[in-house]
Amino acid sequence: MKLDEFTTLFPKLPAAMPVWHGTVNAKELRALCEEVRQGGGKLVALWASDETERTSQYALHVALVSAPGMLVLTLLVKNKKPAFPDLSDLFPAADRMQRCVADMMGLHPAGGGNHRKWLRHAAWPSEVHPLRKSFDGNSTFPTDSDDYLFVPVTGNGVHEIAVGPVHAGIIEPGHFRFSIVGERVLKLEERLGYTHKGIEKRFEGMTFQQGAKLAGRVSGDSTVGYTWAYAQAVESITHTTPPPRALWLRGLFLELERLLNHLGDLGYLGNDVALSFGFSQFWILKENLLRVNAELFGHRYLMDRIVPGGVTCDLNNTGLLGLSEMLRNIEHETSILHHIYDEHAGVQDRFLFTGVVAPDLAAQLGLTGLAGRASGQAWDARTQFPCTPYDELDVQMATHRNGDVAARVIMRFEEIAESIRLIRLMLEQLPVGDLISELGCAEEGSLGIGWVEGWRGEILLALHAGKDNCIYRLHPHDPSWQNWPVLEHAIINNIVPDFPLINKSFNLSYSGVDL
Amino acid sequence: MLHIIQQILRTGIKTEAPPQVNDALRNEVQQINEKILHHVGRALAIRHVDAGSCNGCELEIHCLNNPYYNIEGLGIHFVASPRHADMLLVTGPVSRHMEIALRRTYDATPDPKLVIAIGDCGCDGGVFGESYASCGKISNVIRVDITVPGCPPTPTAILQGILTAVSKGK
């Protein structure tokens, strides 16, 4: 099978985004992945579902993106000694996803490769796989010790610094193992999974309505992105079309979320190079916007504002004027601060050439989202596969090629400017009408895909429908899956004190990948 | 430098008055005697522990450091180690993978110490509840003095919880 046959051989899902889905055998899966890789496409997500009740087999699902859109390939995997072809040689980002599938579902990549556990620490034994249907989500096990083997680095003068899971700042928990000589980092190895709280198991059996709240809390800083992707997936399998006004308001919320996060990050990036002035200034702007959100939409972070079928709040004319005024202020202040950051020798000295990911390395490892665009990876679903309202807004994608902290800072300034432009257009063109449509019925076993370009990168939600509009299996995918392993490369040969700065410039999610 | 000073002068002072104490947030009888509270209340060191949250509560804890809430102006600051802390600000639910780390952090904090559970998940397990992977609320793992519900609670609510913890109980 060839890639160009795919769009004719397999059905296009009734989704807001161009997604095709088909079942393939192991050989076809490898061949299609190879072709996508060679054509410059990328791996978005890899997950498994337990279909043993219906087909007495497991299923592995792989979502790829190439020029026409997204291809979701399903491979049925035998019940006994379940294995699937290793894809980590084609897509290095597949490594941790495959280890997660092994931990959670008990399906293993065939051949060599990395067979260390990933999400499992000590809360359940290795022979237990929580996402199998036979597993009761409420069972508990005596906590064992987490005997995880880090890759040792040896040599004259090499020593290790172990950091976390409880970090020095106000951030999420994770463990970083640095191998260093003097101040210079030879190797960083990440150990995540500390915030694993059983989100995927929790989704199982929820109604589509109930699931929206949990979807909004997979990664709190991307609540709009996740709830929109969730709504897209539900609307796809229930053949529901939300009213135009709801879709435009969702676009507005997503850009507000992007603004909030970029403003906050720019503040912290200033703070991390000892310019606390930058923190104060940007966080005043962020707080102002949070207060406008609370006043207009009833929640500072817009949690639970997007639900399957539409949105739960509206924007009136007074609110519209208030928001426009706020945008003028943010635009004005950000331009002053951008100038100050640019002209500040101490700041630029720390930003430039720090934590470099060159474009070829970024392409090889599959660096995605904002960090990817700072390293020449020109992917932005809002530009390439625009859904309503983006299809009428001509989104301008920002890209840079230096791949250092400075590039990731400039990206944020440019994306703030573009988001402000988009929000203004949305406010001008906001259609009138209803806010929510009634959901249709989903066929048991159908697959719905939600795909949204969040502020960090693309968020994918795969929803396998059960009976009576309930969730059989739901897999949320955060772009941090792709970007965490690249951070290990970005720090090489940098000095230890630059790690917080480099880490902040990526600002990846822990909860979103620990699930 | 001139631009920075101009910008600071133009911005002015944004800091607002802190919220009042709210006794309804107290979880149990106050452990620390009044004399110690008097000192702690003026120079309070807080260690934040994310025991498995979605990162939503962290966003609001960050905001406490912005000029509107200006928590350092009240003598309260966040420290990098539990050994320097008078108070733990814990967000949850407590994932089973963080259970040991949370207990160790608690043990590493010198007595007398205060613990505040932040957010719906920290207070009662929230949307994640208890499961093979989650221990649920913070008080299932360590002793809690004050609970601040909300998803996430606003910075004002968190600040109110902190100020209540260091005020004299009934």
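The values are calculated or read from the model by the stated rules, or taken from the named source; none is laboratory data. Since we're looking at a predicted model, the values are computed, not measured. Using ideal geometry, Cβ is built from the backbone for each residue, glycine included, and neighbour counts are taken over all protein chains shown.
Scan (1) surrounded by 24 or more Cβ atoms within 10 Å (Cβ to Cβ); (2) at pLDDT 95 or above for the single condition B:TYR106 breaks and write down its number.
All conditions are met except number (1).
Are any residues in the stretch A:282-305 facing another protein chain (nearest Cβ under 10 Å), touching a Gly at 6+ places or on another chain (Cβ under 7 Å), over 21 Å from A:ARG217 (Cα atoms) and in contact (Cβ under 8 Å) with a residue 24 or more places away in the chain, and if so, which ones?
As a first pass, look at the stretch A:282-305 and keep what is facing another protein chain (nearest Cβ under 10 Å): A:282-288, A:290-291, A:294, A:299-301, A:303-304.
Among the residues that remain, those that are also touching a Gly at 6+ places or on another chain (Cβ under 7 Å) are: A:282-283, A:286, A:301, A:303-304.
The next check asks that each one be over 21 Å from A:ARG217 (Cα atoms); those that pass are A:282-283.
The one that is facing another protein chain (nearest Cβ under 10 Å), touching a Gly at 6+ places or on another chain (Cβ under 7 Å), over 21 Å from A:ARG217 (Cα atoms) and in contact (Cβ under 8 Å) with a residue 24 or more places away in the chain: A:PHE282.
Taking helices (runs of 4 or more DSSP H) that fall entirely within the stretch A:434-515, which contain at least 1 residues that are surrounded by fewer than 23 Cβ atoms within 10 Å (Cβ to Cβ) and touching a residue at least 24 places away in the same chain (Cβ under 8 Å)?
Hits in the stretch A:434-515: A:480-490, A:499-506.
State which residue pairs qualify: first residue surrounded by fewer than 20 Cβ atoms within 10 Å (Cβ to Cβ) and inside the stretch A:1-25, second residue in a loop (DSSP other than H, G, I, E, B) and polar (S, T, N, Q) in any location, beta carbons under 8 Å apart, and separation of 6 or more residues or different chains.
none
Go through the stretch A:127-178 and give me each residue that's at pLDDT 90 or above, small (Gly, Ala, Ser) and more than 24 Å from the chain's Cα centre (by Cα).
A:SER134, A:GLY137, A:SER139, A:GLY155, A:GLY157, A:ALA162
Hand me the list of helices (runs of 4 or more DSSP H) wholly inside the stretch A:1-120 holding 1 or more residues that are within 24 Å of A:GLU189 (Cα to Cα) and in contact with a helix residue (DSSP H, G or I) (Cβ under 9 Å, 6 or more places away or on another chain).
By residue number, A:94-105.
Identify, by number, the condition in (1) surrounded by fewer than 24 Cβ atoms within 10 Å (Cβ to Cβ); (2) away from chain B (no Cβ under 11 Å); (3) closer than 28 Å to A:MET206 by Cβ; (4) not β-branched (Val, Ile, Thr) that A:LEU254 doesn't meet.
Among (1) surrounded by fewer than 24 Cβ atoms within 10 Å (Cβ to Cβ); (2) away from chain B (no Cβ under 11 Å); (3) closer than 28 Å to A:MET206 by Cβ; (4) not β-branched (Val, Ile, Thr), A:LEU254 violates only (1).
If I go through the stretch B:126-144 residue by residue, how many of them are within 10 Å of chain A (Cβ to nearest Cβ), of a type in the set (A, V, I, L, M) and closer than 22 Å to A:ASP144 by Cα?
1
Does the stretch A:337-356 contain at least one residue that is closer than 30 Å to A:VAL19 by Cβ and either out of contact with any Gly (no Cβ under 6 Å at 6 or more places or on another chain) or of a type in the set (Val, Ile, Thr) (or both)? Let's see the steps before the verdict.
Of the residues in the stretch A:337-356, the ones closer than 30 Å to A:VAL19 by Cβ are none.
Within the stretch A:337-356, not a single residue is closer than 30 Å to A:VAL19 by Cβ and either out of contact with any Gly (no Cβ under 6 Å at 6 or more places or on another chain) or of a type in the set (Val, Ile, Thr) (or both).
Can you tell me which residue in the stretch A:143-162 is nearest to A:LYS201 (Cα to Cα), limited to those that are of a type outside the set (D, E, K, R) and within 11 Å of chain B (Cβ to nearest Cβ)?
A:THR143
Going through the stretch B:122-166 one residue at a time, which ones are in a loop (DSSP other than H, G, I, E, B) and in contact with a Leu (Cβ under 7 Å, 6 or more places away or on another chain)?
B:VAL127, B:VAL141, B:ILE142, B:ASP145, B:PRO152, B:VAL166
Do we have A:VAL347 as in contact with a helix residue (DSSP H, G or I) (Cβ under 7 Å, 6 or more places away or on another chain) and either under 21 Å from A:ALA274 (Cβ atoms) or within 14 Å of chain B (Cβ to nearest Cβ) (or both) here?
yes
Might you let me know whether the stretch B:81-96 holds any residue that is within 8 Å of chain A (Cβ to nearest Cβ), in contact with a helix residue (DSSP H, G or I) (Cβ under 6 Å, 6 or more places away or on another chain), modelled with pLDDT of 95 or more and not in a helix (DSSP H, G or I)?
Looking for residues that are within 8 Å of chain A (Cβ to nearest Cβ), in contact with a helix residue (DSSP H, G or I) (Cβ under 6 Å, 6 or more places away or on another chain), modelled with pLDDT of 95 or more and not in a helix (DSSP H, G or I), one finds at least one in the stretch B:81-96, hence yes.
Return yes or no: is A:PRO85 in contact with a Lys or Arg (Cβ under 6 Å, 6 or more places away or on another chain), in contact (Cβ under 8 Å) with a residue 24 or more places away in the chain and not aliphatic (A, V, I, L, M)?
Taking the combined requirement at face value, the residue satisfies it.
Any residue that is in contact with a strand residue (DSSP E or B) (Cβ under 8 Å, 6 or more places away or on another chain) and more than 14 Å from chain B (Cβ to nearest Cβ) - is there at least one of those in the stretch A:189-202?
The answer is yes, given that some residue of the stretch A:189-202 is in contact with a strand residue (DSSP E or B) (Cβ under 8 Å, 6 or more places away or on another chain) and more than 14 Å from chain B (Cβ to nearest Cβ).
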